[in-house]
Amino acid sequence: MSKLQASTREDVLAPITAAFEEAAPDGLGHDFVERYFRHVPVDELTARTADIYAGAARSHLELARHRLPGVANVRVYNPSTENDGWSNARTIVQIVTDDMPFLVDSVTGALVNAGIDIHLIVHPQLVVTRDAVGRLDKVLDQDVTGRSATGGVGELAESWMLLSIDRESDEERRAGIERQVREVLEDVRQAVEDWPKMRSRCLVLAAEIEGTPPPGIHPDEVALATRFLRWMADDHFTFLGFREYTLSETPQGEVIAPNTGSGLGMLRSDPPLGKEPDVLTPQAREKAHEPNILVLTKANSRSTVHRVAHLDYVGVKVYDENGQVVGERRFLGLYASTAYTESVLRVPLVAEKVQAVLDRSGVAPDSHTGKDLLGVLESYPRDELFQASIEQLYETSMAVTQLQERRRTKLFIREDDFGRFVSCLVYIPRDRYNTSVRLRMADILKDTFGGESVEFAARVSESALSRIQFIVRVPRGKQVRRLDSAEQEALEQRLVEVSRTWSDRLGDALRATYGEEVGDRLMDRFGRAFPTSYEETFSVNQGVADLAHLNRLGEATRTSVALYRPAEAPDTIRRFKLFRVDPLSLTDILPIFSHMGVEVVDEQPFEVERADGTTLHVYDFGLRVRDGRRLGGVGRPGGVRRLQPARPRRTAPLAPGGGPPRDRQVPPTDPGDLLAGLPRGRPRLAPADRAGPRRAVGGPFRP
């Protein structure tokens with residue numbers, strides 16, 4: 001930190017310290033304030049008054065005055081000057097507890113998951129001294145590095161947290177937030193305290209399996225399970241819970257019941273007495289008796305520790321001397337970040353699956369396809385690599401490899417072995433992926449599988465395709481609806497339609513109208529020509545009709561027109577489209593409509609940029625006439641009806657003998673004839689993308 005920064009921070013803390021010492025003259029003063037706000041950015045410290053920060057620090061100190069060993073002090077309140085000596089517009093959460101891992105991310109994750117916004121976090125880690133009954137003696141000017149919070153007496157490392165959250169005026173809801181925070185802190189404490197025991201249990205199980213392999217299990221399976229368990233214990237798995245279970249038959253069916261007193265961490269407490277275990281579903285029963293050692297999946301419950309996610313489930317089957325499965329040792333936790341960032345070739349169990357897929361593919365590892373296949377597997381959702389079978393991985397990864405640079409939408413489905421959720425991988429052209437498309441896809445998948453909730457993870461890279469993984473979970477006790485091949489194809493087609501753009505549908509319509517060759521040629525020229533405002537205004541069929549005019553524009557034909565009656569429009573309303581190579585101004589076009597006695601009620605201009613860079617112009621006018629019969633022929637084959645001007649127009653020649661000018665009827669006028677002579681290069685009307693929505697023009701224009 002530079003001297004300028006240090007001076008600035010000291011200047012910012014000075015008024016906070018002064019206000020704190022005035023409110024709490026107990027001698028802590030400067031050193032406490034500096035340590036309390038040590039990690040708060042200067043811009044945050046200047047965003048509120050010194051009195052607010054001094055009041056927050058003083059009230060936090062009061063909360064910490066007495067704390068029993070192993071107990072967290074938590075307070076959720078709306079501070080007021082009358083009751084607390086300071087006030088704040090937001091609700092304040094204050095915590096004093098033993099310093100341990102996962103505190104901040106666990107508490108913030110719980111609040112965010114409950115839909116509560118967090119506006120400020122102050123998290124000092126302090127070394128304090130307490131007496132035998134938990135009374136605070138001193139806050140030492142020391143760092144907590146390497147200190148342990150065990151014992152509850154003497155020097156202790158403590159974590160103090162202040163969180164400013166959305167204001168909650170309801171007292172019961174504030175009490176609910178406090179209960180939730182206490183429960184999370186207790187889960188963290190149990191997981192952290194029992195972590196060494198769970199890790200040790202994992203290593204002991206690996207040694208037992210290696211030393212006494214279960215009867216009937218292939219040696220390769222034994223070696224793989226041993227390697228995986230030791231890899232977990234090597235800081236690749238965050239152990240949060242452990243329990244032993246016994247598999248047995250009951251009159252209701254086969255159950256797997258917890259062994260009393262075997263729980264650790266989040267599973268430390270035994271289930272309530274008298275609670276009957278759930279009967280295994282057919283899928284679970286089949287999975288329980290498969291001749292393997294490990295069961296890898298996701299638990300039904302979410303983690304409250306470290307990060308809010310469904311817990312990773314690692315089951316180790318217990319075999320009797322006859323080779324029958326009689327129980328399970330179950331670990332719950334979260335794979336560490338290294339499990340997701342390491343190469344798939346260095347993660348036990350995953351590496352064996354990947355190698356099996358590569359071998360089965362028959363491609364050379366150093367070939368183009370071999371490298372592409374390995375790249376697909378390296379970027380494949382890591383949880384899927386843990387849970388999917390070799391057969392599922394092979395089929396999907398090979399299809400994705402062939403799909404890599406093709407602009408199409410593709411769906412891959414994998415059902416959970418226990419029927420609790422389904423994983424849907426959707427590959428979609430990168431430029432089509434957006435929030436609206438994702439939400440519509442999620443709704444379709446949720447409805448199709450009878451889901452209760454849908455989670456997603458998106459991956460957008462330099463590849464032509466983006467990948468979205470949807471996890472559709474069904475209500476507890478229900479089973480995911482299974483789809484046959486025809487239903488899967490229909491579901492994929494629904495997702496394809498959701499992801500298709502206006503331009504995609506235009507291409508289909510052009511090919512249907514003109515054939516493949518001409519349709520493709522028009523798409524090459526105009527496929528990306530229309531602005532978003534045009535696509536939002538006109539249907540694909542209207543786009544096909546307009547392309548017939550736009551495609552003929554050039555040096556020989558610089559203007560084209562179309563007059564039509566919108567569906568369900570009154571007889572007096574028409575739309576007039578003017579297609580031009582050269583831009584126009586309102587003064588060019590409005591006198592012509594006025595001359596014909598037509599009222600222009602609105603107009604909207606568009607710029608269409610062809611693939612060769614040429615900009616064409618489309619002007620869309622709303623027209624009204626008093627007598628719809630004068631436009632009665634519009635819409636029939638044959639083009640634009642010739643329009644009669646609204647009233648006679650006097651001409652220059654005088655009557656014989658110098659009398660007043662005679663009235664002469666102007667011949668019927670075709671708008672196309674009048675527009676053909678419009679000038680080139682006049683100032684243009686602003687295109688709709690820049691001019692905003694369609695403009696109402698008002699009554700008849702006069703030149």
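May I ask you to list pairs of residues, at least six apart or on different chains, whose Cβ atoms are under 6 Å apart, with the first in region 212-232 being open to solvent by less than 10 Å² (accessible area, probe 1.4 Å) and the second being not hydrophobic (A, V, I, L, M, F, W, C)?
Here the result reads THR226/GLU210; PHE228/PRO348, each pair linking region 212-232 to a residue that is not hydrophobic (A, V, I, L, M, F, W, C).
Scan region 90-112 and tell me whether some residue there is over 19 Å from SER159 (Cβ atoms) and assigned to a loop (DSSP other than H, G, I, E, B).
Yes, because at least one residue in region 90-112 is over 19 Å from SER159 (Cβ atoms) and assigned to a loop (DSSP other than H, G, I, E, B).
The rows are residues; the columns are (1) among the hydroxyl-bearing types (Ser, Thr, Tyr); (2) open to solvent by less than 20 Å² (accessible area, probe 1.4 Å); (3) in contact (Cβ under 8 Å) with a residue 12 or more places away in the chain.
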residue	(1), (2), (3)
THR246	yes, no, yes
LEU280	no, no, yes
HIS306	no, no, yes
TYR313	yes, no, yes
GLY323	no, no, yes
SER337	yes, no, no
VAL347	no, yes, yes
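From ARG48, ARG35, ARG58, grab the single residue that is among the basic types (Lys, Arg), free of Cβ contacts under 8 Å to residues at least 60 places away in the same chain, outside any loop (DSSP other than H, G, I, E, B) and open to solvent by 30 Å² or more (accessible area, probe 1.4 Å). Spell out the reasoning first.
Working: ARG48 fails: outside any loop (DSSP other than H, G, I, E, B); ARG35 fails: free of Cβ contacts under 8 Å to residues at least 60 places away in the same chain.
Only one candidate qualifies: ARG58.
This table checks each residue for (1) surrounded by fewer than 17 Cβ atoms within 10 Å (Cβ to Cβ); (2) at pLDDT 95 or above.
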{"position": "VAL354", "(1), (2)": "no, yes"}
{"position": "VAL363", "(1), (2)": "no, no"}
{"position": "HIS368", "(1), (2)": "yes, no"}
{"position": "GLU378", "(1), (2)": "yes, yes"}
{"position": "THR396", "(1), (2)": "no, yes"}
{"position": "LEU411", "(1), (2)": "no, yes"}
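Looking for something under 26 Å from PHE418 (Cβ atoms), of a type in the set (A, V, I, L, M, F, W, C) and either open to solvent by 30 Å² or more (accessible area, probe 1.4 Å) or part of a helix (DSSP H, G or I) (or both) - is there at least one such residue anywhere in region 493-504?
Filtering region 493-504 down to residues under 26 Å from PHE418 (Cβ atoms) leaves 495.
Checking which are of a type in the set (A, V, I, L, M, F, W, C) leaves us with 495.
Those left that are additionally either open to solvent by 30 Å² or more (accessible area, probe 1.4 Å) or part of a helix (DSSP H, G or I) (or both): 495.
The answer is yes; a qualifying residue exists.
Go through (1) closer than 26 Å to HIS289 by Cβ; (2) of a type in the set (A, V, I, L, M); (3) crowded, with 17+ Cβ neighbours inside 10 Å and name the single condition LEU373 misses.
(1)
Only one residue in VAL112, VAL122 is at pLDDT 95 or above, among the β-branched types (Val, Ile, Thr) and surrounded by fewer than 18 Cβ atoms within 10 Å (Cβ to Cβ), so which one is that? Step through it out loud before you land on a result.
Values: VAL122 fails: surrounded by fewer than 18 Cβ atoms within 10 Å (Cβ to Cβ).
Residue meeting the stated conditions: VAL112.
Six or more apart or on different chains, Cβ under 6 Å: which pairs go from a residue in region 249-269 that's touching a residue at least 40 places away in the same chain (Cβ under 8 Å) to one that's basic (Lys, Arg)? Could you list them?
Going by the 6 Å Cβ cut-off, the qualifying pairs are LEU264/LYS197; LEU267/ARG243.
Would you confirm whether or not region 469-484 contains a residue that is polar (S, T, N, Q) and either surrounded by fewer than 15 Cβ atoms within 10 Å (Cβ to Cβ) or at positive phi (or both)? Break it down into steps so the answer makes sense when it comes.
Here is the first cut: in region 469-484, the ones polar (S, T, N, Q) are 469, 479.
Next, only the ones that are either surrounded by fewer than 15 Cβ atoms within 10 Å (Cβ to Cβ) or at positive phi (or both) stay: none.
No, every residue in region 469-484 fails to be polar (S, T, N, Q) and either surrounded by fewer than 15 Cβ atoms within 10 Å (Cβ to Cβ) or at positive phi (or both).
Taking the options GLU487, GLU517, GLU535, GLU497, name whichever one is under 25 Å from GLU603 (Cβ atoms), among the charged types (D, E, K, R) and out of contact with any Pro (no Cβ under 9 Å at 6 or more places or on another chain). Before you say what the answer is, go through the steps one by one.
Numbers: GLU487 fails: under 25 Å from GLU603 (Cβ atoms); GLU517 fails: under 25 Å from GLU603 (Cβ atoms); GLU497 fails: under 25 Å from GLU603 (Cβ atoms).
Testing whether each residue is under 25 Å from GLU603 (Cβ atoms), among the charged types (D, E, K, R) and out of contact with any Pro (no Cβ under 9 Å at 6 or more places or on another chain) leaves just GLU535.
For region 291-304, give me each residue that is within 18 Å of GLY327 (Cβ to Cβ), open to solvent by less than 60 Å² (accessible area, probe 1.4 Å) and in a loop (DSSP other than H, G, I, E, B).
If the condition is that a residue be within 18 Å of GLY327 (Cβ to Cβ), open to solvent by less than 60 Å² (accessible area, probe 1.4 Å) and in a loop (DSSP other than H, G, I, E, B), then ASN292, ILE293 are the ones that fit.
How many residues, within region 515-567, are assigned to a helix (DSSP H, G or I), surrounded by 13 or more Cβ atoms within 10 Å (Cβ to Cβ), among the polar types (S, T, N, Q) and in contact (Cβ under 8 Å) with a residue 24 or more places away in the chain?
2
The values are calculated or read from the model by the stated rules, or taken from the named source; none is laboratory data. What you see is a predicted model; the values in this text were computed from it and never measured. Glycine also receives a Cβ, built like all others from the backbone with ideal geometry; neighbour counts cover every protein chain displayed. Note: accessible area is taken over every heavy atom of the protein model, side chains too, but ligands, DNA and RNA are not part of it. Shrake-Rupley method; radii C 1.70, N 1.55, O 1.52, S 1.80 Å.
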